[in-house]
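Peer 1: Here's a structure for you.
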Amino acid sequence: MKAVTRTFLFLFIMSTPFLNPSKGSSPTPPKDIIKESPAAFDTRMEWWRDATFGMFIHWGLYSVPAGYYHGEPVEGIGEWIMDHAAIPVAEYEEFATEFNPARFDAEEWVRIAKNAGMKYIVITSKHHDGFSLWDSKVSDYDVVDSTPYGRDLLAQLRDACEEAGIKLCFYHSIMDWHHPDAQAPHYPDYNSHKVNPEFPRYFENYLKPQIKELITRYRPHVMWYDGEWIPEYTHEMGVGLYNFNRRLNPDLIINNRIDKGRQGMKGMNSDDRQYAGDFGTPEQEILDGTSSFDWESCMTMNDTWGYKKDDHNWKSAETLIHNLADIAAKGGNYLLNVGPTAEGLIPEPSVERLAEMGAWLRVNGEAIYATEGGQPYHEGDSIRYIRSKDSATTYAITLEWPGSTLSLEHVHPRAGGQVNLLGHDKPLAWELQAGTTVIHLPPELQAPGNRPCQYAWTFRIDDRRHAVVRGDLEEVRLELVALADVDEAGLVGNA
Ligand code: H79
């Protein structure tokens, strides 16, 4: 299904006049990038789809005021303080002189992410405030040239990630409140509807050179753009920038905010499928069902992305684990945010929750990584279904402890197939009762302390409906039969 959407995209790109070098600013991209086959797209996306769980890091000068301006608390998300408190550029720049994260330890951050079961890190190379976390050659407004700290943060993270086998990725803001050719003149309303006619100059001479530095020097695996809604930024720029990125690294994965296709905070592109970008970006929400596009929900653990010292509204580890299971069942990725302090520390409440997620994933990761979401993805409110890639196994994750029996309508073990609770060594007894699978949970599992994990439990089921060879026509037939079953159960159409 994803293959079909890609076909639409590259047919559209091929027929777009601004890719003609006589009209556009960038040369015609190599054909093998633009004409990516569905199989090549799947190959490029494979590690990302398999990863499922990543760490978002919002870090920048806004961690210095930490939600306060002239001694008064400022409403709203912390990294927007320059806009929300209408701080003039020259005054905001002063935060750089106080940015000295002496306790920053790239290896420790990467350990925290890895121990949480996260496979990739997306950090703000530059947020809307325009401040860069690396040694940019086209700007002095960066951590090396304008802070007492004076060291390249992204280089340290790149080295630590490479050492640990974590994929480093960059969030990069298209909108820039600091640059005179971008949104700086819109002060006091940086995020306004005004148009700076100089924006194409910023696009060519600042945004693109910075992106080139990032991709060539730090080898990110994903470029995660944001701030694309400003009126100065056009669909043509978006497609051009997409190709610019992929020419610098053909394997790069790029989110949909590089173009103008996303619809509100849900972050999925509209159905006409004419926009650049490899995955949708629901923000602070989870899709209601599945999608034929790849997608990733980015969410905070409290109510801010950038650090705010007064925000203590932390979600519970249980909520975060349920979100992960829900997202994985619906075929998405979970990008969970931390907002480090100006000293360079990930807040302790975040570290504690991440450790709990890691403990849960060490038991249940088999159902989360390199698995496939899809229909049926749930049964009622408290059961989520996820399938192995070979379609031979279905995982039922229960978000509440089921008691002494677990009844499943939508999944039936194959005859003689095993049912296991992940983390528990003995197979579980099961039977079919009038078409319902009834799994018996032994008494020793009824005491919470005896269970292999907390918050959600995974049942691995040898599933006869899906136990067929991929690509086989018989599989297609059986899938159709299975879907028809599901349809009768009223689940199809939830997407
Ligand atoms: O980096 C974090 C935030 O600072 C940034 N995205 C996350 C990942 C961001 N969050 N919220 N906003 C930006 C608020 C912007 C909201 C809107 Fe819109 C911009 C409302 C109208 C224009 C979103 C984009 C809804 C429609 C277009």
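The values are calculated or read from the model by the stated rules, or taken from the named source; none is laboratory data. Here the structure is a predicted model, which is why all the values come from computation and not from measurement. As a convention, Cβ positions derive from the backbone with ideal geometry for all residues, glycine included, and neighbour counts pool all protein chains shown.
Peer 1: Consider V144 carefully, then state whether it is of a type in the set (A, V, I, L, M) and touching a residue at least 12 places away in the same chain (Cβ under 8 Å).
Peer 2: Against the criterion (of a type in the set (A, V, I, L, M) and touching a residue at least 12 places away in the same chain (Cβ under 8 Å)), V144 does not qualify.
Peer 1: Look through K266, K308, K260, K330 and report the one residue that is within 13 Å of the ligand (Cβ to nearest atom) and surrounded by 23 or more Cβ atoms within 10 Å (Cβ to Cβ).
Peer 2: One residue alone meets the criteria, K308.
Peer 1: Within segment 303-320, is even one residue more than 28 Å from F279 (Cα to Cα), among the basic types (K, R) and out of contact with any Lys or Arg (no Cβ under 6 Å at 6 or more places or on another chain)?
Peer 2: yes
Peer 1: Kindly indicate which of Y190, Y92 is in contact (Cβ under 8 Å) with a residue 40 or more places away in the chain, assigned to a helix (DSSP H, G or I), in contact with a helix residue (DSSP H, G or I) (Cβ under 6 Å, 6 or more places away or on another chain) and within 16 Å of the ligand (Cβ to nearest atom).
Peer 2: Exactly one of Y190, Y92 is in contact (Cβ under 8 Å) with a residue 40 or more places away in the chain, assigned to a helix (DSSP H, G or I), in contact with a helix residue (DSSP H, G or I) (Cβ under 6 Å, 6 or more places away or on another chain) and within 16 Å of the ligand (Cβ to nearest atom), namely Y92.
Peer 1: Being surrounded by 15 or more Cβ atoms within 10 Å (Cβ to Cβ) and either more than 16 Å from the ligand (Cβ to nearest atom) or modelled with pLDDT of 95 or more (or both): is that true of G78 here?
Peer 2: Answer is yes for this residue.
Peer 1: Also, I was wondering about something else. Before we move on, is A86 closer than 14 Å to D129 by Cα, in a loop (DSSP other than H, G, I, E, B) and modelled with pLDDT of 95 or more?
Peer 2: Yes, satisfied.
Peer 1: Within segment 225-247, take every residue that is touching a strand residue (DSSP E or B) at 6+ places or on another chain (Cβ under 9 Å) and closer than 14 Å to G277 by Cα and give me the one that is surrounded by the fewest Cβ atoms within 10 Å (Cβ to Cβ).
Peer 2: Among residues in segment 225-247 that are touching a strand residue (DSSP E or B) at 6+ places or on another chain (Cβ under 9 Å) and closer than 14 Å to G277 by Cα, the one surrounded by the fewest Cβ atoms within 10 Å (Cβ to Cβ) is D226.
Peer 1: Counting just the residues of segment 81-99 that are crowded, with 23+ Cβ neighbours inside 10 Å and of a type in the set (V, I, T), which one comes out nearest to the chain's Cα centre (by Cα)?
Peer 2: Checked segment 81-99; the qualifying residue nearest to the chain's Cα centre (by Cα) is I81.
Peer 1: I want to confirm something. Restricting to segment 134-176 and keeping residues that are within 16 Å of the ligand (Cβ to nearest atom) and assigned to a loop (DSSP other than H, G, I, E, B), which single residue is nearest to the chain's Cα centre (by Cα)?
Peer 2: I174
Peer 1: Looking at G435, G417, can you tell me which residue is surrounded by fewer than 16 Cβ atoms within 10 Å (Cβ to Cβ) and outside the structural domain of I368 (by TED's automatic domain parsing)?
Peer 2: None of the other options fit; the residue is G435.
Peer 1: Here's another thing I want to ask about it. Just to be sure, is E72 at pLDDT 95 or above and within 16 Å of the ligand (Cβ to nearest atom)?
Peer 2: It is false that E72 is at pLDDT 95 or above and within 16 Å of the ligand (Cβ to nearest atom).
Peer 1: Scan segment 204-226 for residues that are β-branched (V, I, T) and assigned to a helix (DSSP H, G or I) and jot them down.
Peer 2: If the condition is that a residue be β-branched (V, I, T) and assigned to a helix (DSSP H, G or I), then I211, I215, T216 are the ones that fit.
Peer 1: I'm told N333 meets every condition in (1) more than 23 Å from W47 (Cβ to Cβ); (2) touching a strand residue (DSSP E or B) at 6+ places or on another chain (Cβ under 8 Å) except one. Can you identify the failing condition by its number?
Peer 2: With respect to (1) more than 23 Å from W47 (Cβ to Cβ); (2) touching a strand residue (DSSP E or B) at 6+ places or on another chain (Cβ under 8 Å), N333 is out only on (1).
Peer 1: Turning to a different aspect of this structure: Considering (1) farther than 18 Å from L335 by Cβ; (2) part of a helix (DSSP H, G or I); (3) touching a helix residue (DSSP H, G or I) at 6+ places or on another chain (Cβ under 6 Å), say which one V110 fails and leave the rest.
Peer 2: The number of the failed condition is (1).
Peer 1: Further question: Checking the structure you have, find out if any residue of segment 117-125 is in contact with a His (Cβ under 6 Å, 6 or more places away or on another chain) and part of a strand (DSSP E or B).
Peer 2: So far as segment 117-125 goes, yes, one or more of its residues are in contact with a His (Cβ under 6 Å, 6 or more places away or on another chain) and part of a strand (DSSP E or B).
Peer 1: Same structure, new question: On the given criteria, is T290 in contact with a Gly (Cβ under 7 Å, 6 or more places away or on another chain), of a type in the set (V, I, T) and farther than 24 Å from M175 by Cα?
Peer 2: It is true that T290 is in contact with a Gly (Cβ under 7 Å, 6 or more places away or on another chain), of a type in the set (V, I, T) and farther than 24 Å from M175 by Cα.
Peer 1: Please find, within segment 105-115, the residue that is nearest to the ligand (Cβ to nearest atom) out of those that are under 25 Å from I321 (Cα atoms) and surrounded by fewer than 24 Cβ atoms within 10 Å (Cβ to Cβ).
Peer 2: I112
Peer 1: Do we have L252 as without any contact (Cβ under 8 Å) to a residue 60 or more places away in the chain and farther than 22 Å from G117 by Cα here?
Peer 2: Yes.
Peer 1: How many residues are surrounded by fewer than 19 Cβ atoms within 10 Å (Cβ to Cβ) and of a type outside the set (K, R) if we restrict to segment 38-54?
Peer 2: 9
Peer 1: Output the residues belonging to segment 269-293 that are within 16 Å of the ligand (Cβ to nearest atom), within 13 Å of the chain's Cα centre (by Cα), part of a loop (DSSP other than H, G, I, E, B) and under 16 Å from G238 (Cβ atoms).
Peer 2: Hit for segment 269-293 is T281, nothing else.
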